[in-house]
Ligand code: GDP
């Protein structure tokens, strides 16, 4: 709902320094304007004036072009009407779109939708979101007076499932087949930005590619990686991005705070858990344990790695055993929030710290909200639990996350936290060192292009720009903003 008169009632701090529009009804989505000081320290990452004005004009564009408008009707009509290759000769209406398709786990989805939204901001496109999965059980509408959900009767709905690298309108495939050029552009293109993408697919953002893609009214994207770091390789985008995000490492943090507002149902889960277990602690530590080796469950080396990392980095005390503890001194309570598919990790930790006083005289309380055992993406309550846990982790003071996990990336970046990243074990032993402290709050682009754009072709992608480097948890691979 739109309510122009809300402005005076919604205080600036609830609008996160102007990042959020006041034009929403508060009760329909309590998390949007929640008093963040109740749950976390103030974020040092403030939105730039330029970002704020860009978001306000995006909101207008979305309202003008979104579902239900005349412009949307025209655009979808053109989509069916011109299945030949002469689309470049037609006039493109004032609205261009990018459709985000929900694929892979929730962490992947949250990272890719934010990436697609940023690309839309840079290219004046309207983002529409595939609603065939449970996105609206997880997040509120982010743009006032309109909807970001792709209407169910969108003409290509039934085909989208089958889009892949082999699809004739897949951008990389068209490039390879010389099927796209300045005077032959199709009415829609499919962008394939997945782990098995070719550089031709991944580098759709380069200047040469953009001259072709920019003419196409509809883009449909399947992605499972956070491709924001590579967008900076396009000099024109970079000029904009520097103005939008003077602090480069805050891109996801700010975008996520702008677009992702958990629904009232999920917000209830987050706040009730927080109040019951985390609110009263003196300090909060989050530990996210993701095991990638197939069907593994509880692994002793992973447990040992978590202990080794947290004790080495003084996040958790040594278990004292026989050490003397002055019981009269007032003890600090540290709440440890463990998230994992497997409950055994927190059971072990809890046992360790419940029996004995720790050497520093802290009381360690261990919690794990769920232990789902296996991934059940697209099951509503399972995904709601996953979102709840990512969010709860983001509300901790320090966080330890598993390398390569988009679940962990969302959690620390949303929280503005520099995580300790647990290296992925190569075998049944504990990696040495067990973890590394990240120097950036940004997520990693896991399967990044191997080199830079046009002029930087041939330059290792981690060496093109001083602030876009390989990820600490990826061994000379991946890209991350610092
Ligand atoms: P990634 O695979 O670690 O990159 O993260 P994703 O979020 O994309 O996919 C993993 C999925 O497995 C999550 O979305 C959840 O459905 C489930 N999952 C993994 N770890 C946890 C966890 O700690 N808690 C909960 N509730 N679910 C988890």
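Brief remarks on what is shown
- The set of residues in the stretch 390-408 that are within 8 Å of the ligand (Cβ to nearest atom) and farther than 18 Å from residue 264 by Cβ comprises 402, 404, 405, 406, 407, 408.
- The sole residue among 444, 435 that is in contact (Cβ under 8 Å) with a residue 40 or more places away in the chain, on the phi < 0 side of the Ramachandran plot and more than 13 Å from the ligand (Cβ to nearest atom) is 435.
- When the stretch 19-32 is filtered for residues that are buried (at least 18 other Cβ atoms within 10 Å of the Cβ) and either in the same structural domain as residue 127 (by TED's automatic domain parsing) or modelled with pLDDT under 95 (or both), nothing remains.
- Of all the listed residues (421, 417), the sole one being farther than 17 Å from residue 227 by Cα and within 13 Å of the ligand (Cβ to nearest atom) is 421.
- Taken together, the criteria exclude residue 383 from residues that are on the phi > 0 side of the Ramachandran plot and within 10 Å of the ligand (Cβ to nearest atom).
Condition check ((1) out of contact with any helix residue (DSSP H, G or I) (no Cβ under 7 Å at 6 or more places or on another chain); (2) at negative phi) across all residues:
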| site | (1), (2) |
| --- | --- |
| 145 | no, no |
| 162 | yes, yes |
| 175 | no, yes |
| 180 | no, yes |
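- Any hit, the stretch 450-458, residues being surrounded by 19 or more Cβ atoms within 10 Å (Cβ to Cβ) and in contact (Cβ under 8 Å) with a residue 60 or more places away in the chain: yes
- Residues considered: 435, 471. Of these, the only one that is crowded, with 17+ Cβ neighbours inside 10 Å, modelled with pLDDT of 95 or more and out of contact with any helix residue (DSSP H, G or I) (no Cβ under 8 Å at 6 or more places or on another chain) is 471.
- The helices (runs of 4 or more DSSP H) found entirely in the stretch 194-255 that carry 3 or more residues being touching a residue at least 40 places away in the same chain (Cβ under 8 Å) and crowded, with 17+ Cβ neighbours inside 10 Å are 228-231, 235-244.
The values are calculated or read from the model by the stated rules, or taken from the named source; none is laboratory data. Remember, predicted model here, so these are calculated numbers, not experimental data. In this analysis, Cβ positions are derived from the backbone assuming ideal geometry, glycine residues included, and neighbour counts consider all displayed protein chains.
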